[in-house]
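One structure below.
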Amino acid sequence: MAFFSLLEYMTRPRKWCRIGFCPEASCFSPDDKNEKELEFIELLPEEVEALRLKNIEELEQTEAAKRMGISQSTFQRILASAHKKMSEALIYGKALKIIKRTQGK
């Protein structure tokens, strides 16, 4: 059991991604639910940036990854996570909230 506890401390620190914009809105929710019954799904800033570069600017993944300062495989994982979260929000009527990452997290 001590071996698994040691693995928790051996994880690599998260690499910072370059984010090229700040979204105008930070929350999107379905109209048919009141605030008390809403469930929120949090999108990370790097997920929103990956969506913007791929879907809005229509960059290839290699170019988008280069702009964010990360590897192409990392970009793909971030993009897949963002697509899954957005799909879950749309299909299950949940709200999307873009969180702000603070220095050191």
Whole-number percent relative contact order across the stretch 47-105, with pairs defined as alpha carbons under 8 Å at least 6 apart: 29
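According to the Cα gyration tensor, what semi-axes, each the square root of 5 times an eigenvalue, does the equivalent ellipsoid of the stretch 47-105 have, listed from largest to smallest in whole Å?
Semi-axes from the Cα gyration tensor: 21, 15, 10 Å.
Taken together, the values in this text are just the output of simple stated rules run on the coordinates, not laboratory data. Being a predicted model, the structure only gives us computed values, none of them experimental.
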